[in-house]
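Read the structure below first, then the notes.
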Amino acid sequence: MKKIFSIIALAIVAMTATAKAGFELTSESAHGTITFKIDGEAVTSAEAGKTVTVTVSPAEGWQTKAVTARAYTDWGGAKTRGVDIVDNITVSGSGNEYTFTMPEANVKVTATYKQLIQASWITLGNAAYTYDGKAKEPTVTLKNGNVTIPASAYSVTYTNNVNAAAATADNAPTVKVTITNSADYAGEASKAFTINAAELTKLVLKDSVLTYAYGEITVEVVSVKAGNLEVPATGYTLSGNKATEIGNYKATATGSGNYKGTATATYRIKEAEPTIDVEAKETTDDGDKGKEVDDVTMVMKVADDAADKVTTETRIVINPETGVAEEETVTVIPIVLESINTPAGTDVTEITVTVPNEIRDGNVVYKVTEIKEDAFKKKEGDNTVVTKVVLPETDEPLKVADNALKPDGQLLDVEAPLALLDDYALQSALKENFEAKKISAYVTAPNRYWTFSSGVDCVLPEGVTAYIVVMDGNEIRIVALEEDDLKLADGQRGIKANNGVLISSAKDNTYEIVANPGNQESGTKPATTDAKSYAGNCLVPTIEATNYEAGKCMVLKDNVFHTIKANASKVKPCKAVLSLEKAGK
């Protein structure tokens with residue numbers, strides 16, 4: 001008992017003595033160094049009550065985990081004598097800097113560490129991919145030498161992992177591993193991997209054969225493929241896709257960005273050869289459509305002045321695959337009808353042929369503008385004879401050569417669009433057809449009542465009644481024309497040129513309107529003024545498509561007259577409008 005008291009007494013004496021000279025500061029640090037400071041000055045001892053700052057400097061690849069401090073007397077001596085005179089000290093701080101208050105004892109500071117993970121520890125399940133538009137997320141294994149760190153200890157994130165880039169690029173696809181739950185490891189590390197550009201494999205052009213168009217032709221691309229991938233327009237550049245002359249060419253798509261390599265496709269620009277199979281039927285006496293006749297072709301020729309008259313048009317077309325309306329720009333080349341080829345046969349067959357308005361041939365549209373003199377002439381040995389020609393719906397009438405519709409001295413029947421009936425009837429080349437009453441048009445009644453006018457006299461079909469429109473005060477009244485009013489120059493029942501009338505007929509019935517030679521002279525354009533042949537009639541003819549001033553006229557729609565409310569309301573040819581001015585309104 002006396003011995004123990006002696007030891008305690010010695011310890012107290014030692015502590016008292018040390019307090020006067022200062023107490024020792026020592027450290028233990030396996031993976032770094034520890035320094036002490038008081039008021040910014042480095043120290044190795046401190047007086048009791050002083051605030052000691054502890055700075056930890058971890059070795060490379062390590063991070064401070066924790067800092068602890070213990071007070072002691074002569075630690076070795078105390079242990080030797082079996083007395084553990086030691087106490088834990090409260091340490092404040094974080095990271096690499098801490099503080100504590102010096103007790104009346106020596107202090108030993110201990111630092112523990114976590115090892116920082118390195119990029120070299122990361123192994124990827126796949127270090128190289130090929131671009132396919134999808135995010136790439138290679139599997140990760142994190143291993144320190146032979147020690148595999150469990151996946152529960154870290155999180156994994158990916159950046160730039162969709163688009164093609166090399167592991168050495170600034171925007172390289174990257175895996176980042178971040179320690180989130182480990183007593184032994186800390187920090188984060190990244191490893192780059194490669195996404196290779198996809199190789200172009202196929203170039204598909206809209207047309208492999210195009211038609212010479214008197215200027216530069218740009219071949220359109222339908223698709224570019226990289227395997228099963230559809231390559232966007234931003235994924236390649238195109239060369240060799242423009243040409244001007246007849247010949248063979250090669251277009252090349254060169255990959256860029258997410259795509260590499262090239263894909264090629266060939267195309268050809270051919271000489272214009274506008275020959276077409278046309279609609280042909282046997283001609284019948286009763287006007288009904290006869291059975292179809294096969295193997296009838298029209299031989300067209302590009303107009304001699306085509307180079308000066310080639311135009312481009314933007315049209316709205318319906319995409320057959322999507323059903324969506326799209327804009328399309330086409331080159332329009334004028335052509336003329338040179339001749340017709342008919343099938344051989346032993347029996348004489350009379351046929352009706354339809355002249356097309358235009359012919360589509362890939363990148364160009366051939367627009368028929370003229371009919372040559374020998375277009376329908378029968379070739380020697382042919383037994384198929386054209387007896388009737390149906391002319392197309394066009395903005396302007398075709399130019400018809402003299403005798404073109406009188407081949408071999410035989411006058412042909414001519415069916416014209418209603419809007420151009422008067423134009424064709426008055427063409428000098430069709431004078432004999434007109435005088436023989438062989439030019440007509442067909443109209444299908446849109447309703448019970450419909451308006452009509454023409455620049456030539458027209459025979460009134462059977463089963464229809466013609467009226468004029470008069471105004472009785474504010475009331476619109478229709479008055480049937482007397483038979484004397486309907487009598488044409490040759491005594492036939494019809495409507496006189498340049499007069500607007502109201503027609504009553506069976507809805508949806510189709511009627512033939514025959515041009516009747518009266519006082520109109522061939523070789524002139526149809527007059528457009530109101531002939532005023534029917535007294536009191538407030539209808540005026542619309543010989544050409546016309547914009548009428550708003551509020552001045554009325555148009556017939558669904559059997560009712562409506563006031564025109566907009567100046568831009570264009571009335572189609574061969575109709576009539578009710579003039580409020582003529583009605584005194």
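At a glance:
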read-out: ³J(HN,Hα), Karplus 6.51/-1.76/1.60, whole Hz, each residue of the stretch 124-137, x for Gly, Pro; value: 9, x, 8, 9, 8, 10, 10, 4, 9, x, 10, 5, 9, 9
read-out: Mean Cβ neighbour count within 10 Å, used as a protection proxy, ranking 493-505, 149-161 highest first; value: 493-505, 149-161
read-out: Normalised per residue, the volume of the convex hull around the Cα set of the stretch 189-290 (Å³); value: 169 Å³
read-out: Residues whose placed amide H lies under 5 Å from that of I217, excluding near-sequence neighbours; value: A243, T244
read-out: Given charges at beta-carbon only (K, R positive; D, E negative), |dipole| of the stretch 416-585 in Debye; value: 540 debye
read-out: Options (1) 53.5; (2) 29.5; (3) 37.6 - which one matches mean projected area of the Cα convex hull in nm² as calculated here; value: (1)
read-out: Spatially close lysines, pair count over the stretch 256-362: Cα under 27 Å, gap of eight or more or interchain; value: 6
read-out: Beta bridges per DSSP with both ends in the stretch 313-460, % antiparallel, nearest 5; value: 35 percent
read-out: ³J(HN,Hα), Karplus 6.51/-1.76/1.60, whole Hz, each residue of the stretch 322-337, x for Gly, Pro; value: 9, x, 9, 6, 9, 7, 9, 9, 10, 8, 9, 10, x, 9, 10, 7
read-out: Most to least packed among 480-490, 424-434 [average Cβ atoms within 10 Å]; value: 424-434, 480-490
read-out: Dimensions (Å) - the stretch 306-425, Cα atoms, principal axes, largest first; value: 48, 32, 30
read-out: Contact order normalised by residue count of the stretch 416-585, Cα under 8 Å, 6+ apart, percent; value: 28 percent
read-out: Set of aspartates and glutamates with alpha-carbon distance to K143 below 18 Å, sequence-local pairs under 8 removed; value: D184, E188
read-out: For F23, residues with placed amide H under 5 Å, excluding near neighbours; value: A46, E47, A48
read-out: Hz values of 3J(HN,Hα) by residue in the stretch 458-470 - Karplus curve (6.51, -1.76, 1.60), Gly and Pro given as x; value: 9, 6, 7, x, 5, x, 10, 10, 10, 10, 9, 10, 10
read-out: Convex hull volume per residue in cubic angstrom - Cα atoms of the stretch 357-492; value: 179 Å³
read-out: Burial ranking of peptide ranges 25-35, 459-469 (average Cβ count within 10 Å, highest at the top); value: 459-469, 25-35
read-out: Whole-number percent relative contact order across the chain, with pairs defined as alpha carbons under 8 Å at least 6 apart; value: 7 percent
read-out: Relative contact order (%) - criterion: Cα under 8 Å, at least six apart; region: the stretch 274-412; value: 23 percent
read-out: Nearest 10 degrees, 0 to 90: helix 2-21 Cα axis against the chain principal axis; value: 60 degrees
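Only the coordinates and a few stated rules stand behind these numbers; no lab work does. In this text, all values refer to a predicted model and were calculated from it rather than measured experimentally. Neighbour counts run over all protein chains shown; Cβ positions are idealised from the backbone, glycine included.
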